[in-house]
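Before any comments, here is the structure.
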Amino acid sequence: MRVALIHDWLTGLRGGERVLDELLGIWPDADVFTLVHVPGATTARIDAHVRGTSFVQRVPGAGRHWRKLLPLYPFAARRLLIHDYDLAVSVHHAVAKAARIDAATPHLCYCLTPMRYIWDQTPAYLGRGPMRLAAAPALGALRRFDLATASPKHVTRFVAISHAVASRVQRHYGRTAGVLAPPVDVERFSPVHRPPEDYYLLVSAFVPYKRDDLAIDAFADLGRRLIVVGDGPGRAALERRAPRHIEFTGRLPDAELPALFARCRALVQPQEEDFGITAVEVQAAGRPVVAFGRGGAVDSVVPLVGAPDAAPRATGVFFDEQTPEALLRALHRFEAAEPFFDAKAIRSHAERFSAPRFRAEMEREATRLLEAHGQPQEGP
């Protein structure tokens, strides 16, 4: 069976790229198509399977400045030609689903989210002032393009990474989506058999929707140690105003993360995540999560309900408003319940999101789609 895998861009190793790598575990002979490919930025397995890129690949500096080239992406995606395949699977959060696929080829869109900056997160990216007004014509055009390429003519079936994303697919595209949580390499992480160290953890790419500012402001008042891992456009501004007990590490090697996760008191997740792979990784290390109680956290975290001694049945604490004050209240509630959390139970919950589980369920999704279209179903 010939399988085409389509990804928006391959410029770093984040959740979507890890999904793509797992799909290559299901279909090891698949061909990968993308707008921009930076060799060495993802995995060796992905690099070995890239068969097609768009004209954006030839733009000088595209590998470094890919965010600035967004206006070109709809045009570029429609020129990714996917011919003579039995199945196409797009890993979509921007324009991947818009690739030009043969009408006879069933197209499964694994939706990480509809495009954030044109739908749910426009104010976070563009504000509500002159910049957003100036961008209104472009936003309208992008929405029309996104909606048109979400039709049954272009996408045979949607599968979303969480119930929150499935709701967005229904709201924006008028399409029903199945739900399949993304793969998490839980085997990389394990609990430690000693009390945690005295720090909380924040992991971020420092883009607007991550709401890192909430954590910085809350911990400035709380006075607790916070270690901030990652890098991105908003890091410098936050680091300048953070007090000394908030430490910024930048990006860390993957090999350092399991120990850092296992020793923290809890992960702080102030944003509305589409799913939240980091939250599951921290739970795989036996540690709880203090999270904004919307979006993917509802699927990936079991919140504390009731008195602190109910914590053995929970894997974290939710707060319901994106304000420093609400986060502070959740942190105080967590600290009251902290002795009652059960590392083994938290780890057991995380195992529900393992990579083998994802591969098995994705194969079932593909098989059902192929059966409905009378396509060949030979094994990978």
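The values are calculated or read from the model by the stated rules, or taken from the named source; none is laboratory data. Being a predicted model, the structure only gives us computed values, none of them experimental. In this analysis, Cβ positions are derived from the backbone assuming ideal geometry, glycine residues included, and neighbour counts consider all displayed protein chains.
For this structure, a couple of remarks:
- Elements of type helices (runs of 4 or more DSSP H) contained in region 3-118, each with 2 or more residues being within 27 Å of Val203 (Cα to Cα) and in contact with a helix residue (DSSP H, G or I) (Cβ under 9 Å, 6 or more places away or on another chain): 15-26, 44-49
- Exactly one residue out of Leu87, Leu112 is in contact with a Gly (Cβ under 6 Å, 6 or more places away or on another chain) and crowded, with 18+ Cβ neighbours inside 10 Å: that is Leu112.
- Whichever residue in region 176-215 is among the charged types (D, E, K, R) and either within 30 Å of Pro356 (Cα to Cα) or not assigned by TED's automatic domain parsing to the domain that holds Leu257 (or both) and, among such residues, is modelled with the lowest pLDDT: Lys210
- Filtered residue count, region 184-208, keeping only those that are of a type in the set (Lys, Arg) and within 30 Å of Ala360 (Cβ to Cβ): 1
- Checking each residue in region 353-367 for being of a type outside the set (S, T, N, Q) and either touching a His at 6+ places or on another chain (Cβ under 7 Å) or surrounded by 13 or more Cβ atoms within 10 Å (Cβ to Cβ) (or both) picks out Phe353, Ala355, Arg357, Phe358, Arg359, Glu361, Met362, Glu363, Glu365, Ala366.
- Just so you know, in region 253-288 the residues that are within 14 Å of the chain's Cα centre (by Cα) and in a loop (DSSP other than H, G, I, E, B) include one that is farthest from Pro196 (Cα to Cα), and it is Asp274.
- Given (1) surrounded by fewer than 16 Cβ atoms within 10 Å (Cβ to Cβ); (2) under 18 Å from Ala330 (Cβ atoms); (3) not polar (S, T, N, Q), number of the condition Pro253 does not satisfy: (2)
- In region 299-317, the residues that are in contact with a Ser or Thr (Cβ under 9 Å, 6 or more places away or on another chain) and assigned to a helix (DSSP H, G or I): Asp299, Ser300
Per-residue answers, yes or no, for (1) without any contact (Cβ under 8 Å) to a residue 12 or more places away in the chain; (2) part of a loop (DSSP other than H, G, I, E, B); (3) surrounded by fewer than 16 Cβ atoms within 10 Å (Cβ to Cβ):
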residue: Val165; (1), (2), (3): no, no, no
residue: Val169; (1), (2), (3): no, no, no
residue: Pro182; (1), (2), (3): no, yes, no
residue: Glu187; (1), (2), (3): no, no, yes
residue: Pro191; (1), (2), (3): no, yes, no
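- Any pair with Cβ under 7 angstrom, 6 or more apart, that starts in region 133-149 at a residue that is surrounded by 13 or more Cβ atoms within 10 Å (Cβ to Cβ) and ends at one that is modelled with pLDDT under 75: Ala135/Leu126; Leu139/Ile118; Leu139/Thr122; Leu142/Ile118; Arg143/Ile118; Asp146/Ile118
- Apart from one condition, Ala310 fits all of (1) surrounded by fewer than 17 Cβ atoms within 10 Å (Cβ to Cβ); (2) of a type in the set (Gly, Ala, Ser); (3) touching a residue at least 40 places away in the same chain (Cβ under 8 Å); the exception is (3).
- Near pairs, Cβ below 9 angstrom, 6+ apart or cross-chain, from region 222-248 (within 12 Å of Leu202 (Cβ to Cβ) and touching a residue at least 40 places away in the same chain (Cβ under 8 Å)) to any residue that is of a type outside the set (A, V, I, L, M) and buried (at least 18 other Cβ atoms within 10 Å of the Cβ): Arg224/Tyr200; Arg224/Arg265; Leu226/Tyr200; Leu226/Phe219
- Residue identified as modelled with pLDDT of 95 or more, hydrophobic (A, V, I, L, M, F, W, C) and either more than 20 Å from the chain's Cα centre (by Cα) or not assigned by TED's automatic domain parsing to the domain that holds His163 (or both) among Ala291, Ala236: Ala291
- Out of Arg224, Arg171, Arg157, sole residue that is more than 19 Å from Ser90 (Cα to Cα), assigned by TED's automatic domain parsing to the domain that holds Arg67 and modelled with pLDDT of 95 or more: Arg171
- Among the residues listed as Arg100, Arg14, the single one being in contact with a Leu (Cβ under 7 Å, 6 or more places away or on another chain) and among the charged types (D, E, K, R): Arg100
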